[in-house]
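Report on the structure given below.
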Amino acid sequence: LAGLWTVFTLGGVGSKSTPQLEQCSPLANQSLLLLLVLANLTDAPDTPNPYRQAIITAFSSSSPHAFQINFNSLYTALCEQQKSDQATLLLYMLLHQNGNVRTYVLARTDIENLV
């Protein structure tokens with residue numbers, strides 16, 4: 001998951017349109033699409049989706065398997081990539097399923113950059 005995010009953040013600039021962004025960083029685009037597909041697979045009756053659980057518990061200091069990421073870098077990357085549908089879907093998923101990300105975004109004074 002951390003590797004996919006690293007690939008995603010190495011992508012293009014937010015001022016580019018989506019087709020240009022995809023041409024500039026096809027690996028980042030495909031990696032983000034894969035992450036979104038895996039995280040949105042249906043849960044099995046007896047086992048929750050491990051990819052969704054990783055997104056929900058990501059960035060949590062209480063989870064032993066959580067990875068560390070700079071929230072400011074994450075916020076900046078999401079703001080720059082908002083012309084991309086994939087980045088918007090990732091933001092939506094993080095805001096709705098991860099309380100730590102939601103708290104950080106709501107505490108920002110420059111939230112208009114995201115909107």
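Values in this text are rule-based calculations from the coordinates and carry no lab data. Fair warning: this is a prediction, and the values are worked out from it, not measured in the lab. As a convention, Cβ positions derive from the backbone with ideal geometry for all residues, glycine included, and neighbour counts pool all protein chains shown.
Just to verify a number: FRET efficiency for Q97 and L33, C-beta to C-beta distance, R0 = 22 Å, to 0.05?
For R0 = 22 Å, the calculated efficiency reads 0.75.
Report the extension gain between D110 and D43 in nm, rounded to one decimal, defined as 0.36 nm multiplied by the number of residues separating them, less their alpha carbon distance.
Extending this stretch completely gives an extra 20.5 nm.
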